[in-house]
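Peer 1: Please read through the structure below; I'll follow up with questions.
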Amino acid sequence: MEELLFKPSYRGKRVRLSKPELLAPAGNLEKLKFAVHYGADAVYIGGQKYGLRSNADNFSFEEMREGVEFAAKYGAKVFVATNIYVHNEDIEGIEEYLRHLYDAGIAAIIAADPAIIEVAQRAVPGLEVHLSTQQSTLNWQAVKFWKEEGLPRVVLGREASLEEIAEIKNQVEIEIEAFIHGAMCSSISGRCVLSNHFTDRDSNRGGCCQSCRWKYDLFEDAGGQDSEPEESSTGNAMARFPLFEEEDPAFTMGSKDLCMLEHIPDLIEVGIDSFKIEGRMKSIHYVATVVNVYRQAIDAYFEDPEHYVLRPEWLEELNKAANRPLNTGFFYDIPDHEDHIYEPKDKEAPYDFAGLVLEYDETDQTAVIQQRNFFAKGQEIEFFGPNGTFFKQTVQEMWDEDGLPLEAARHPLQRIRMKVDFPVAYFDMMRRKH
């Protein structure tokens, strides 16, 4: 990534009384548990109403209560995204829904529409309201306005630069949350209408079809010049020149993914209070890997800020999760044509989540593994976990629950006992390279 050019505009080094919050996504209850276990200080989820990820599993109130109880054991909080833009038919039921969130122990909602914000402050004053990135808040006067409206935290628009964040922190005493890793919307903080036009799915009510990631062919309007007309879907003749050859790859307009792992000191020293990872639709392996890496980097900085060094193994580990090409978004400069993906080459995760450690027996150095993807004897695997666990080994002896030897783990969620080279712990993960 590019050399750091950002210099904070405030004088002196910011002194923090505590670490910034590491805020992780969770599309369902299992992902919430992995995010918290792997080091998240807080998790944001979606309920079954008023959120922008209608295709995620999302949470029932019962699942929310269970998630809150689990997070509390680790000192973590749970936030709920209620960040749709409300139409008239959405208003009825908001107050009841927010009361259920509060009763479930939810610490805060993330909201953009003043209708939801007003109802929350009036009817459920014990429920914190954080301003969503959907409001595209980019300047200190707007942040000051929302502080005066009683909001303790603002999630800035993803277009905010580090220089702008420094000015906001100088001008307003308020918690600032910013996205530091994950997919970037090609529109202004997600307020896109392509999905509405193409599929009649409202992006701002949870229905985005990610049309910016689709594959397109490019044409130029002939503008009255001589050309071979093409038939439109309505039967009208349209003169268009194709701007591609048959063998050319299709065109997309999706942006590269955001990654600020190499710039942790800048994020901390500018005063960002919450580091937000995007990805409620991502896999368990992705969430655990990304949270684990950022947790280690943040902790390493606070152990010795003056001698903090980025560890190459963190970048290597991060690349084992499914990412598109990466950049630093708007933090240092305005993205240009090199920061978009024009030829879609889907980058699959190079590793599969193969198994979850349930038990470890130090007497015979075996572990009970819950199978999540196929693996077999003779294959190389990796173990990793939140307490520094990391090693590679070859799959050796394996047995089923009845003690019968196995050549391969073929059945989903099958419990398998296997030899491991080093100690492992509950919730450590096992992965296998493609």
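The values are calculated or read from the model by the stated rules, or taken from the named source; none is laboratory data. Every value quoted in this text rests on a predicted model; they were computed, and no experiment measured them. Using ideal geometry, Cβ is built from the backbone for each residue, glycine included, and neighbour counts are taken over all protein chains shown. Only protein heavy atoms, including side chains, enter the accessible area calculation; ligands, DNA and RNA are left aside. Shrake-Rupley method; radii C 1.70, N 1.55, O 1.52, S 1.80 Å.
Peer 1: On full extension of the chain, what length is gained from ASN139 through LYS419, given 0.36 nm per residue of separation minus the C-alpha to C-alpha distance?
Peer 2: Value of the extension gain: 95.2 nm.
Peer 1: Suppose the chain between GLU148 and ARG311 were pulled fully straight at 0.36 nm per residue; how much longer would it get relative to their current alpha carbon spacing? Show your work: numbers first, answer last.
Peer 2: On the way: separation 163, 0.36 × 163 = 58.68 nm, distance 4.15 nm.
Extending this stretch completely gives an extra 54.5 nm.
Peer 1: Ok, one more. Determine the distance separating the Cα centre of segment 152-171 from the Cα centre of segment 101-133; give it in Å without decimals.
Peer 2: One Cα centre to the other: 21 Å.
Peer 1: Per residue, how much accessible area does the chain have with a 1.4 Å probe, in Å²? The partial results should precede the final answer.
Peer 2: Working: 21390 Å² over 434 residues.
For the chain, the solvent-accessible area averages 49 Å² per residue.
Peer 1: How about LYS419: which aspartates and glutamates have a C-alpha closer than 19 Å to its C-alpha, ignoring those fewer than 8 places off in the same chain?
Peer 2: The qualifying aspartates and glutamates are GLU359, ASP361, GLU362, ASP364, GLU380, GLU382, GLU397, ASP400, GLU401, ASP402, GLU407, ASP428.
Peer 1: Antiparallel versus total DSSP beta bridges in segment 77-204: what percent is that, nearest 5?
Peer 2: Working: 0 of 13 bridges.
If we restrict to bridges inside segment 77-204, about 0 percent are antiparallel.
Peer 1: Mean Kyte-Doolittle of at least 0.0 plus a Cα span of 18 Å or more along the axis: flag which DSSP H helices in the chain meet both, please.
Peer 2: 284-303
Peer 1: Which of the peptides 192-201, 161-170, 39-48 is most tightly packed, and how do the rest follow, going by the mean number of other Cβ atoms within 10 Å of each residue?
Peer 2: 39-48, 161-170, 192-201
Peer 1: Using a 1.4 angstrom probe on heavy atoms only, work out the carbon and sulfur share of the accessible area of segment 16-144 in %.
Peer 2: Working: 2480 of 5380 Å².
On segment 16-144, the fraction of accessible area on carbon and sulfur atoms equals 46 percent.
Peer 1: Could you rank the peptides 286-295, 117-126 by their average count of other C-beta atoms within 10 Å per residue, with the highest value first?
Peer 2: Put in order of decreasing packing, that is 286-295, 117-126.
Peer 1: Take the cross-link list LYS77/LYS144; LYS147/LYS282; LYS49/LYS320; LYS49/LYS73; LYS276/LYS433; LYS147/LYS276 and give me the ones stretching past 30 Å between alpha-carbons.
Peer 2: Long pairs (Cα-Cα over 30 Å): LYS147/LYS282; LYS49/LYS320.
Peer 1: How high is the relative contact order of segment 345-431, in percent, counting Cα pairs under 8 Å that sit 6 or more residues apart? Let's see the in-between values first.
Peer 2: Numbers: 196 pairs, mean separation 34.6, N = 87.
Reported as a whole number, the value is 40 percent.
Peer 1: Identify which of the listed values of semi-axes √(5λ) of the Cα gyration tensor in Å was calculated from the structure shown: (1) 37, 31, 24; (2) 32, 25, 22; (3) 50, 35, 30.
Peer 2: Only one option fits the structure, namely (1).
Peer 1: Counting DSSP beta bridges in the chain, what percent are antiparallel, to the nearest 5?
Peer 2: About 55 percent, rounded to the nearest 5.
Peer 1: What FRET efficiency comes out for the pair CYS209/ALA250, r = Cβ-Cβ distance, R0 = 22 Å, nearest 0.05?
Peer 2: Calculated value: 0.85.
Peer 1: Now, a different point. Taking 30 Å as R0, compute the FRET efficiency from the Cβ-Cβ separation of PHE391 and MET281 and round it to 0.05.
Peer 2: 0.50
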